[in-house]
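A.B. asks: I have a structure I would like to understand better, so I am pasting it below and will then ask my questions one at a time.
The values are calculated or read from the model by the stated rules, or taken from the named source; none is laboratory data. As the structure is a computational prediction, the values presented were derived from the model and not from experiment. Positions of Cβ are backbone-derived with ideal geometry, glycine not excepted, and every protein chain shown enters the neighbour counts.
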Amino acid sequence: MSVGANRLVRMMRTIDIRGAGELTRAEIEELLPRAQLGVDAVLGHVGPLLEDIATRGAAALADQAIRFDKVAPPEVRVPPRVAREALARLDGEVRAALEVSIERVRRVHAAQAPPDHTVELAPGALVSQRWIPVRRVGLYVPGGLVAYPSSVVMNVVPAQVAGVRELAVASPPRPECGGWPRPQVLAACALLGVEEVYAAGGVSAIGLFAYGVPGVAEKVDVVTGPGNVYVAAAKRLVMGRVGIDAEAGPTEIAVVADAAADPELVAADLVSQAEHDPLAAAVLITDSPELAERVASAVARRAKATRHAERVGRALRGRQSAIVLVDSLAAAIAVANVYAAEHLELQVADAAAAAEAIHSAGAIFVGPTSPVSLGDYLAGSNHVLPTGGAARFASGLGVMAFLRSVQQIEYSAAALGDVAPLIAALAGSEDLPAHGEAALARAAGGAGRRVSP
């Protein structure tokens, strides 16, 4: 095996695992590119910031805004008129695009809502499952390097479809915006009818939602939304106090491509995700050295020419980005499943068949005409997705993040009487006789009749 992890190919390094034979999952994981600055590395910095908000409330929010956002907002809660004014000034084409996005995301997420159901186990023995929305949610929308009105859509629409009554959005205050969040974000909130909006960024926003701040905002039940590694760490630390969707940190894309893939399309997609953040990850997995070389050249050319060339270059040169050379498409699929990308593109001859073999990814983009940028905005899918390998066990944001499953049990006296002796028998075996007595006390009239499970 030759692992060329330190050899630069144009802008992106190459990790060559051809000829390695059948690697174990742990061996593949050890070779894969990951960001050096991960969630674990920043927990020690994030914890005290959250504790400060829990202890000092509004004063801590103000101090952190000046420290991290370089501005204190005029008010932490943005007056609705400010958002309405932002909507009135919004470019017409951008508004039209947001309206299409909202309509498509709403249709897709409406199909996710599960129905209530009732099972009648015997006459008078009913168990129902109800899906009940949480009462109040905190939705985080990043706004440091760029504006994300699309993330307003991705957070708000599923919560509305789920039937959540109270929706609060937070996004960082910006010095160039007079201390308010970016106007595109505020406009999207107004377009969706969300009036509870806070000028709070990063860890501060997560703390505001998770603890509540007297005189500013009430604590929420669930926190969702993407962000940087500090936001992901904050969500991990408050999990349990509130629910969270997943750790959606710095973005990542993996492209599985074969010799027939268009290197320009692959390069364009790698550069597009690197545009988000210097910590963004861009990974190509291929069994074609020729394609790898052509993609590497195209990436270098495109990265140099793009508007955010410095940011893109840092992301592509970072240890989290690489070209991974493998022996076969099957090996590429195996590597992709271990990597568990937030966004996984399949640009191979039979992309639909390859998709069936993927079990770990936040979202799968099938074929060359389904780029990640489609999912970012107008596919109808959700772009708030698990990162850092969390797609092995976590799902993208959807209606289910805002719903709780509640079981409802209703037995008649006769139905309880039929099973009371069995309850007493099981309770006795666990040395909990009062459990059995509680059932028998209610069911004397029906006790004694044996039933089948």
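A.B. asks: Cβ-Cβ distance below 7 Å, separation of 6 or more or different chains: which pairs start in the range 54-67 with a residue that is on the phi > 0 side of the Ramachandran plot and end on one that is at pLDDT 95 or above?
C.D. replies: These pairs meet every condition: GLY57/VAL213; GLY57/PRO214.
A.B. asks: Oh, and also: Condition first: over 25 Å from the mean Cα position of the chain (by Cα), outside any helix (DSSP H, G or I) and farther than 23 Å from SER370 by Cβ. Now tell me which residues in the range 301-327 satisfy that.
C.D. replies: Hits for the range 301-327 are ARG307, LEU325, ASP327.
A.B. asks: Checking ALA330 against (1) within 19 Å of ALA259 (Cα to Cα); (2) in contact (Cβ under 8 Å) with a residue 40 or more places away in the chain, which test does it fail?
C.D. replies: That leaves (2) as the condition not met.
A.B. asks: In the list ALA260, ALA254, ALA217, ALA281, which residue meets the criterion of being in contact (Cβ under 8 Å) with a residue 12 or more places away in the chain, farther than 26 Å from GLU51 by Cα and either surrounded by fewer than 24 Cβ atoms within 10 Å (Cβ to Cβ) or over 17 Å from the mean Cα position of the chain (by Cα) (or both)?
C.D. replies: ALA260
A.B. asks: Please go through (1) among the polar types (S, T, N, Q); (2) farther than 24 Å from GLY225 by Cβ; (3) touching a residue at least 12 places away in the same chain (Cβ under 8 Å); (4) surrounded by fewer than 24 Cβ atoms within 10 Å (Cβ to Cβ) for SER360 and return the number of the only condition it doesn't satisfy.
C.D. replies: All conditions pass for SER360, except number (2).
A.B. asks: Another question, if that's okay. Just one of ALA210, ALA188 is part of a helix (DSSP H, G or I), in the same structural domain as ALA58 (by TED's automatic domain parsing) and either surrounded by fewer than 24 Cβ atoms within 10 Å (Cβ to Cβ) or touching a Lys or Arg at 6+ places or on another chain (Cβ under 6 Å) (or both); which is it?
C.D. replies: ALA210
A.B. asks: To continue, here is another question. For the range 396-417, which residues satisfy the criterion of being within 37 Å of the chain's Cα centre (by Cα) and in a loop (DSSP other than H, G, I, E, B)?
C.D. replies: Those that are within 37 Å of the chain's Cα centre (by Cα) and in a loop (DSSP other than H, G, I, E, B): GLY396, LEU397, GLY398.
A.B. asks: State all residues of the range 253-291 that are outside any helix (DSSP H, G or I) and under 14 Å from VAL312 (Cβ atoms); if no residue qualifies, say none. First the steps, then the outcome.
C.D. replies: Filtering the range 253-291 down to residues outside any helix (DSSP H, G or I) leaves 253-262, 275-288.
The answer is ILE253, GLU275, HIS276, ASP277, PRO278, LEU279, ALA280, ALA281, ALA282.
A.B. asks: Of the residues LEU61, LEU121, LEU139, only one is surrounded by 18 or more Cβ atoms within 10 Å (Cβ to Cβ) and either part of a strand (DSSP E or B) or out of contact with any strand residue (DSSP E or B) (no Cβ under 7 Å at 6 or more places or on another chain) (or both); which? Full working, then the answer.
C.D. replies: Details: LEU61 fails: either part of a strand (DSSP E or B) or out of contact with any strand residue (DSSP E or B) (no Cβ under 7 Å at 6 or more places or on another chain) (or both); LEU121 fails: surrounded by 18 or more Cβ atoms within 10 Å (Cβ to Cβ).
Going through LEU61, LEU121, LEU139 in turn, the sole match is LEU139.
Listed here are the residues, each with its yes/no results for (1) assigned by TED's automatic domain parsing to the domain that holds ALA65; (2) in contact with a Phe, Trp or Tyr (Cβ under 6 Å, 6 or more places away or on another chain); (3) within 27 Å of ALA280 (Cα to Cα).
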| residue | (1), (2), (3) |
| --- | --- |
| ALA111 | yes, no, no |
| PRO114 | yes, yes, no |
| ALA147 | yes, no, yes |
| ALA162 | yes, yes, no |
| CYS177 | yes, no, yes |
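A.B. asks: Here's something else I'd like to know. Out of VAL105, VAL157, VAL153, which single residue is touching a Gly at 6+ places or on another chain (Cβ under 9 Å) and among the β-branched types (Val, Ile, Thr)?
C.D. replies: Sole residue among the options that is touching a Gly at 6+ places or on another chain (Cβ under 9 Å) and among the β-branched types (Val, Ile, Thr): VAL105.
A.B. asks: Just to verify a result, which residue in the range 165-175, among those that are crowded, with 22+ Cβ neighbours inside 10 Å and either touching a residue at least 60 places away in the same chain (Cβ under 8 Å) or hydroxyl-bearing (Ser, Thr, Tyr) (or both), is nearest to GLY380 (Cα to Cα)?
C.D. replies: Looking at the filtered set, the residue picked out is SER171.
A.B. asks: Contact list please: Cβ distance under 9 Å, first residue in the range 395-408 and over 15 Å from ALA110 (Cβ atoms), second residue among the basic types (Lys, Arg), pairs at least six apart or on different chains.
C.D. replies: ARG404/ARG130; SER405/ARG130; VAL406/ARG130; GLN407/ARG130; GLN408/ARG130
A.B. asks: Residues in the range 8-28: is at least one assigned to a helix (DSSP H, G or I), among the aliphatic types (A, V, I, L, M) and over 30 Å from PRO214 (Cβ atoms)?
C.D. replies: So in the range 8-28, the residues assigned to a helix (DSSP H, G or I) come out as 25-28.
Then drop every residue that is not among the aliphatic types (A, V, I, L, M), which leaves 26, 28.
If we keep only those that are over 30 Å from PRO214 (Cβ atoms) too, we end up with 26, 28.
Checking the range 8-28: at least one residue is assigned to a helix (DSSP H, G or I), among the aliphatic types (A, V, I, L, M) and over 30 Å from PRO214 (Cβ atoms).
A.B. asks: Condition test on LEU344, is it of a type in the set (A, V, I, L, M), buried (at least 17 other Cβ atoms within 10 Å of the Cβ), under 16 Å from PRO158 (Cβ atoms) and in contact (Cβ under 8 Å) with a residue 40 or more places away in the chain?
C.D. replies: no
A.B. asks: Exactly one condition in (1) assigned to a helix (DSSP H, G or I); (2) modelled with pLDDT of 95 or more; (3) not aromatic (Phe, Trp, Tyr) is not met by PRO73; state its number.
C.D. replies: (1)
A.B. asks: State yes or no: is GLY388 modelled with pLDDT under 95 and either touching a helix residue (DSSP H, G or I) at 6+ places or on another chain (Cβ under 9 Å) or not hydrophobic (A, V, I, L, M, F, W, C) (or both)? Before the answer, list the steps.
C.D. replies: Working: modelled with pLDDT under 95: yes; either touching a helix residue (DSSP H, G or I) at 6+ places or on another chain (Cβ under 9 Å) or not hydrophobic (A, V, I, L, M, F, W, C) (or both): yes.
The answer is yes for GLY388.
A.B. asks: A further question on this structure: Taking only the range 330-347 into account, find how many residues are touching a Ser or Thr at 6+ places or on another chain (Cβ under 9 Å), assigned to a helix (DSSP H, G or I) and not small (Gly, Ala, Ser).
C.D. replies: Here the count works out to 3.
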